[in-house]
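Below you'll find the structure, written out as structure tokens, and then a few comments.
The values are calculated or read from the model by the stated rules, or taken from the named source; none is laboratory data. Everything numeric here is computed off the predicted structure, so don't read it as measured data. Glycine gets a Cβ as well: all are built from the backbone with ideal geometry, and neighbour counts include every protein chain shown.
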Amino acid sequence: MRSGISALKKNKVLSSIALVCLADGVVGVSYGAVSVAAGLELWLPLTLAILVLAGASEFLFVGILAAGGSPLMAALAGLLVNIRLLPFGLSVQQQLGSGPLSYFGCHLLNDESVVFAVSQSCPVLRSAKVLFGSVVWVSC
């Protein structure tokens, strides 16, 4: 494990992850502000942030509800936007592994974590995707 952390530091992956997470945190704060300004209860954006973990579909969902649309149509629109993650999942299938933890890895799959996973050359750095996805999940 120690060699993995030193490899992360050597490649400046941790600083890249920190910067993107900072930006995602700002997006998360604006998402919460938009949701509350739209009159939604606080539990709804928090639940969406934990369960969906895809900013574009979360903003779309809140926008449709704020405009008076139905929750069903908002959810369908969010699913339509998130279909883009299917090719991402196929491209990093080997890095997700197998077993019950692979389902959690799938949940952490987003645009940024896939970019970090496929851009790294060694397996330890590719596994930084899990660290990155976890931090994005917590920051939003």
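Residues to consider are 16, 30, 35; find the one that is at pLDDT 90 or above, surrounded by 15 or more Cβ atoms within 10 Å (Cβ to Cβ) and among the polar types (S, T, N, Q).
Testing whether each residue is at pLDDT 90 or above, surrounded by 15 or more Cβ atoms within 10 Å (Cβ to Cβ) and among the polar types (S, T, N, Q) leaves just 35.
How many residues are part of a helix (DSSP H, G or I) and in contact (Cβ under 8 Å) with a residue 24 or more places away in the chain when one looks only at segment 67-94?
Count: 6.
Could you grab me the full set of residues in segment 38-64 that are surrounded by fewer than 17 Cβ atoms within 10 Å (Cβ to Cβ) and not hydrophobic (A, V, I, L, M, F, W, C)?
Within segment 38-64, 39, 41, 47, 63 meet the criteria.
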